[in-house]
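The values are calculated or read from the model by the stated rules, or taken from the named source; none is laboratory data. Because the structure is a prediction, the values reported are computed rather than measured. When we count neighbours, we look across all protein chains shown, and the Cβ atoms used for this are built from the backbone with ideal geometry, even at glycine. All accessible areas refer to the heavy atoms of the entire protein, side chains included, with ligands and DNA or RNA removed. Shrake-Rupley method; radii C 1.70, N 1.55, O 1.52, S 1.80 Å.
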Amino acid sequence: MHILVTNDDGVTAPGLLALAQALRPLGEVTVLAPDRNWSASGHVKTLDRPLRVRPTTLADGSPALTTDGAPSDCVALPLLGLLDKKVDLVVSGINPWANLGHDVTYSGTVTAAMEAAIGGLPGIAVSLNTPPQHQGERDYEPAAEVGRRVAEQVIANGLPPNTLLSVNVPYFPLAEIKGFHITRQGLRVYRDELVRRTDPHGRPYYWIGGEFPDGVPDDGTDFGALAQGFVSITPLHLDLTAYAAMDGLKGWAW
Ligand code: MN
């Protein structure tokens, strides 16, 4: 079992190290992660410039690879033959914030797992639901243990084709996590605000600011599971077709 571990927060992120360490008992782990933070960069395929890959070491002294490419490039490169050995499973994370509802389209953590699905490999994205008011270092150990258990299940059972798992873990000690819920995507409520300022040259600039996003904790959704203290496991696929809209559209005057 050869497991590729990546993330969107960069190769030095503590969540990446915790995940790599948790997965080592399951097989050979190769870490290939971006050399900078790509959070909220969406699904990327770098085609307009060369990609560099260089060896580095994680904080525990273990070897890793890093690249100036995006998280999804970190999956595409091995799928295209970068490594000597074929990859069997891709696990991405641990992202320091949850990836819920519509977040999955922005998330580099999740889109790295999407790239695995496109390449015919099982992909798992692991995100931690840190409370917005949290300060200081995070404890990634419970989420790393959850990631290992999910990986064990995927290795034992396989995933359907073109399917990835988005895993979101409550920010609780392991003993206080109530279990696992298989969920659907819930509804994210973004509270973005446009901040307009003026630069020292008198020119306007804009930032997307606002409050930390919220969500609707309906039963059966990712938000609902976290609100009830469960790990949320959402199977995702890349077929974004709105099937319910198709019949209505067929009736338009084409
Ligand atoms: Mn991130």
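Numbers below:
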{"item": "Cβ-derived FRET efficiency at R0 30 Å, residue 59 paired with residue 228, nearest 0.05", "result": "0.30"}
{"item": "Gyration tensor (alpha-carbon) shape descriptor, segment 1-115, a/c threshold 1.5", "result": "rounded"}
{"item": "Karplus-derived 3J(HN,Hα), 6.51/-1.76/1.60, for each residue of segment 121-137, Hz, glycine and proline x", "result": "10, x, x, 10, 10, 10, 10, 10, 8, 5, x, x, 7, 4, 10, x, 5"}
{"item": "Residues residue 68 and residue 162, FRET efficiency given R0 of 30 Å [Cβ-Cβ distance, rounded to 0.05]", "result": "0.55"}
{"item": "Residues of type lysines that residue 85 reaches as a straight line, Cα spacing below 27 Å, ignoring anything fewer than 8 places off in the same chain", "result": "45"}
{"item": "Using θ = phi - 60° and Karplus 6.51 cos²θ - 1.76 cosθ + 1.60, couplings along segment 198-210 (whole Hz; Gly, Pro as x)", "result": "10, 7, x, 8, x, 8, x, 9, 9, 10, 8, x, x"}
{"item": "Span from the segment 94-163 Cα centroid across to the segment 22-50 one, whole angstrom", "result": "13 Å"}
{"item": "Amide H contacts under 5 Å for residue 7, placed H, 5+ residues apart", "result": "93"}
{"item": "Rounded to 5, the percent of DSSP beta bridges in the chain classed as antiparallel", "result": "45 percent"}
{"item": "Difference of contour (0.36 nm per residue) and Cα-Cα distance, residue 1 to residue 252", "result": "85.2 nm"}
{"item": "Rounded, prolate or oblate (a/c below 1.5 giving rounded, otherwise prolate when a/b exceeds b/c) for segment 105-254 by Cα gyration tensor", "result": "oblate"}
{"item": "Accessible carbon and sulfur surface of the chain relative to its total accessible area, %, 1.4 Å", "result": "55 percent"}
{"item": "For residue 215, residues with placed amide H under 5 Å, excluding near neighbours", "result": "189"}
{"item": "For the chain, built as a Gaussian network whose Cα springs stay under 10 Å, the top-fluctuating residue of 138, 148, 191", "result": "191"}
{"item": "Solvent-accessible heavy-atom area per residue, rounded to whole Å², over the chain at 1.4 Å", "result": "53 Å²"}
{"item": "Backbone HN-Hα couplings from phi across segment 147-163 [Karplus 6.51/-1.76/1.60, Hz, Gly and Pro as x]", "result": "x, 5, 5, 5, 4, 4, 5, 5, 5, 6, 10, x, 10, x, x, 6, 10"}
{"item": "Most mobile of 108, 158, 61 in a GNM of the chain (Cα contacts under 10 Å)", "result": "61"}
{"item": "Inter-site label distance for residue 237 and residue 152 at 7 Å from Cα along Cβ, in nm", "result": "2.9 nm"}
{"item": "Heavy-atom SASA rank of 223, 180, 230 (probe 1.4 Å, accessible area, largest first)", "result": "180, 230, 223"}
{"item": "Those residues of segment 8-38 whose amide nitrogen sits under 16 Å from the label point placed on residue 46, 7 Å along Cα→Cβ", "result": "8-12, 32-38"}
{"item": "For the chain: rounded, prolate or oblate by the Cα gyration tensor [a/c cutoff 1.5]", "result": "rounded"}
{"item": "Distance in nm between pseudo-label sites at residue 203 and residue 180 (7 Å out along the Cβ direction from Cα)", "result": "5.2 nm"}
